[in-house]
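A.B. asks: One structure follows; several queries about it will come next.
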Amino acid sequence: MRSNKLIANALLTALCALGAAGAGAQNPGLAPAAPEPGQVLASGTVPDEGSKAAVLAKLREVYGADKVVDQIAIGPVAMPANWNGYVQKLITPDLKQISRGQLKIDGSNVSLRGEVANEAQRQRIASNVATSLNPTYTVNNGLRVSAADQSILDSTLANRTVEFESGKATLTPAGKAILDEMLAALLKLKGRKVEIIGHTDSAGLRATNLGLSQARAETVKTYFASHGLNGDLLTASGQGPDRPIASNDSADGRARNRRIEFRMAQ
């Protein structure tokens, strides 16, 4: 007898706010249709109409009735005790935080796939799934942190250097112009936490460079906060000369090492 398995899958565009997730039992005899962007595809086999109705109702509650595509079949499948109840616990708004993803429930085996915004979110979602199940269930956390938001920051900065006055934490007009572009990018990443990291070259005392890099990172944080970005989403740190990206033996290399780095907080 086939094991009970239900799969819901969604294929989303990069601009869609909904996550690609779901829960379910695959039906080997039913080829899933390709969902439209923003839709959640539910396919598989469940033992009766009541189980099917309960799964679809929960998915529609979370994602919206117009977003759920029903390809669930009824068939002679086996299921663990209270399987329907556990499926209901797994279909939560947490799934909307997953993009290009899948939640598969195969008997007492649960697997999560897809992209999330950061490491904390990845661990929280997997923990919530595990704590909603009894110990007989196995959870495979295949979620990964999306690189898309970091790419936005990297492409906006475009390897340019945020300039400061020599030996100071005072921005030059050119430095402010770059930060204005970075600010526009950060405002699009609503609610995301960002690390601002200052770096220097190796000239001078390490302790002095650490202090200067920290002060410059703090200046950038203050600039963003004073221009409408939530300061609570920003952290500033200084690495001094400890993380060069070029040789300090040349003027060009030293100039490249004197930089501000923007990283999506994990």
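The values are calculated or read from the model by the stated rules, or taken from the named source; none is laboratory data. On a predicted model such as this, the values are computed, not experimentally measured, just so you know. A quick note on method: Cβ atoms are made from the backbone with ideal geometry, for glycine too, and the neighbour counts reach across all protein chains shown. Calculation scope for accessible area: heavy atoms of the full protein, side chains included, ligands and nucleic acids excluded. Shrake-Rupley method; radii C 1.70, N 1.55, O 1.52, S 1.80 Å.
A.B. asks: Mind counting the residues in the range 89-112 that are free of Cβ contacts under 8 Å to residues at least 40 places away in the same chain, over 23 Å from Ala265 (Cβ atoms) and open to solvent by 60 Å² or more (accessible area, probe 1.4 Å)?
C.D. replies: Summing the residues that are free of Cβ contacts under 8 Å to residues at least 40 places away in the same chain, over 23 Å from Ala265 (Cβ atoms) and open to solvent by 60 Å² or more (accessible area, probe 1.4 Å) in the range 89-112 gives 1.
A.B. asks: Also, quick follow-up: Has the range 123-144 got any residue that is open to solvent by 50 Å² or more (accessible area, probe 1.4 Å), touching a residue at least 60 places away in the same chain (Cβ under 8 Å) and assigned by the TED database to the domain that holds Leu56?
C.D. replies: No, that holds for no residue.
A.B. asks: Next up: With respect to the numbered conditions (1) closer than 19 Å to Ile245 by Cα; (2) surrounded by 13 or more Cβ atoms within 10 Å (Cβ to Cβ), which one is the sole condition not fulfilled by Ser151?
C.D. replies: Checking Ser151 against (1) closer than 19 Å to Ile245 by Cα; (2) surrounded by 13 or more Cβ atoms within 10 Å (Cβ to Cβ), the one that fails is (2).
A.B. asks: Quick test for you: out of Ala57, Ala31, Ala20, Ala65, pick the one residue that is modelled with pLDDT under 80 and either basic (Lys, Arg) or open to solvent by 50 Å² or more (accessible area, probe 1.4 Å) (or both).
C.D. replies: Ala31
A.B. asks: Another question, if that's okay. More than 10 Å from Gly198 (Cβ to Cβ) and of a type outside the set (Phe, Trp, Tyr): is that true of Gly228 in this structure?
C.D. replies: yes
A.B. asks: Test Lys89 against the stated conditions and say whether it is within 30 Å of Gly44 (Cα to Cα), at pLDDT below 85 and not polar (S, T, N, Q).
C.D. replies: It is false that Lys89 is within 30 Å of Gly44 (Cα to Cα), at pLDDT below 85 and not polar (S, T, N, Q).
Quick grid of which residues meet (1) part of a loop (DSSP other than H, G, I, E, B); (2) open to solvent by less than 40 Å² (accessible area, probe 1.4 Å):
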| site | (1), (2) |
| --- | --- |
| Gly204 | yes, no |
| Thr208 | no, no |
| Tyr223 | no, yes |
| Leu229 | yes, yes |
| Asp242 | yes, no |
| Asn248 | yes, yes |
| Arg263 | no, no |
